[in-house]
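In what follows, a single structure is set out as structure tokens and then discussed.
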Amino acid sequence: MNNIIYMDNHATTPIAPEVLEAMIPYLTTHFGNASSTHPFGTTVKDAVDKARQQVANLLRCSAEEIIFTSGATESDNLAIRGIAYACREKGNHIITSTAEHHAILDTCHALAAEGFETTYLPVDKYGMVSPDDVEAAITPKTTLMSFMYANNEVGTINPIADIAVVAAKHSVLFHSDAVQGIGQLPSDMRMLGVDLASLTAHKIYGPKGIGALYIRQGISPPDSLFYGGGQELGVRPGTLNVAGIVGLGAACALSKNYMETGKSCVSTLRDTLHQKLSAYLEDIHLNGHPQQRLPGNLNLCFAGVQSHALLMGLKSVAVSTGSACDSESVKASHVMVAMGVPNELALTTVRFGLGRYNTAEEVDIVADEVIKVVNRLRALAPE
Ligand SMILES: Cc1ncc(COP(=O)(O)O)c(C=O)c1O
């Protein structure tokens, strides 16, 4: 694996050395239960408090607004189902978009099967939701809307603050699956104007299996999906994953530092890769918004080259076709379908997800290899 270049940072990121270092004591000597009142417990409780504050610092919110979960899938489920149930007296209508992650879409499908009304708004050719469409979809029964901050496949950034204005005007709660945006894009919850937001550590150089849900103070909390010991204000009971929480906190502190010091040159590397590929290959198409997209995202269609064949041909780079969860599938991803990309072209999609640790040298190697393999596969294709 040492000579394979990792460019799949939307699927997951490597753990930053600083994050691992912060976690190790909580996997070894500091093994206590954060709910215990003796020193083994209070030591780790202090670490949990510190981590909660580190998450809050990145989100510019208060620590009391952060609930730890097992990751964004759980945060999304808790936000959507928990709010749907908590607001059932007021209404039963939820609005989302066709380009959301399956953690949102499948949760909405499940609620629909229970009798909730769900609206899936279309997105434009870049994968973006229109605030006007959102406003038009609101009914007196709408209690919740959920739109992702940035798309995990094509990187397109939704106009979250504008949608939040619409939500507030109609007193509808607004959740955002902010997994791909937090830590890379402005992450101030008040500025974004959302009521709830999901995040996960493993997309920001933290460990897997730990995430959080931001719940704005003043809103009625989501119903808990579990019964148990009352941890996390009873919204998410269960013994806290202390090492994971410490890792999430450290990852948030590191991301905040990265954003504030402007150390990141990910978008420059991404643009260089795009330019090199465009200079040597004809008939490649950029998916997603050309400007309003994640700094490390480069999602391309290589016309005439099936993406799984291209992936198999690439020996020194790890990239993905569509979202990671779909990488076994030869069906066009639901995001490509939602954006109206023709099926034949959609099946040629490759997602390059550049991250903090990629280098200019790696970009050169990847560009050379992709050009070589695409040319070879195109030469083999029947006329
Ligand atoms: C946009 C988005 N939402 C939710 C998830 C699920 O996150 P987790 O792996 O923490 O459950 C992912 C991860 O692929 C994602 O990209």
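Some values worked out for this structure:
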| read-out | value |
| --- | --- |
| Sorted by Cβ density within 10 Å, fewest first, the residues Leu298, Leu354 | Leu298, Leu354 |
| Degrees, to the nearest 10: 266-280 long Cα axis against longest axis of the chain | 20 degrees |
| Cα gyration tensor shape of segment 129-285, rounded if a/c is under 1.5, else prolate or oblate by comparing a/b with b/c | oblate |
| The chain: relative contact order as a whole-number percent, Cα under 8 Å and 6+ apart | 23 percent |
| Acute angle (nearest 10 degrees) that the helix 360-380 long axis makes with the longest principal axis of the chain, alpha-carbon atoms | 50 degrees |
| Helix 102-113 vs. the chain, principal-axis angle (Cα, 0 to 90°, nearest 10) | 60 degrees |
| Segment 181-233-segment 242-285 distance, computed between alpha-carbon centres (Å) | 22 Å |
| For segment 62-124, fraction of C-alpha pairs farther apart than 15 Å, in % | 54 percent |
| Förster-model FRET efficiency, 25 Å R0, Ser220 and Ser62, C-beta, rounded to 0.05 | 0.90 |
| Fully extended contour minus Cα-Cα distance, from Gln292 to His308, at 0.36 nm per residue | 3.0 nm |
| Centroid-to-centroid separation of segment 66-128 and segment 288-367 [C-alpha atoms, Å] | 26 Å |
| Descending principal axes extents, segment 192-347, alpha-carbon based, whole Å | 58, 38, 33 |
| Cβ-derived FRET efficiency at R0 51 Å, Asn33 paired with Ser278, nearest 0.05 | 0.40 |
| Ranking of Thr42, Thr321 by count of other Cβ atoms within 10 Å, fewest first | Thr42, Thr321 |
| Two-decimal Rg to Rh for segment 17-259 - Kirkwood Rh, Cα set | 0.98 |
| Pair Asn3, Val337: separation of 7 Å Cα→Cβ label points (nm) | 4.1 nm |
| Spin-label pair Met191/Ala136, simplified geometry with 7 Å Cα→Cβ offset, distance in nm | 3.1 nm |
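The numbers here are math on the coordinates, done by the rules we state, and not lab data. Source: prediction; values computed, not measured. We place every Cβ from the backbone using ideal geometry, glycine too, and count neighbours over all the protein chains shown.
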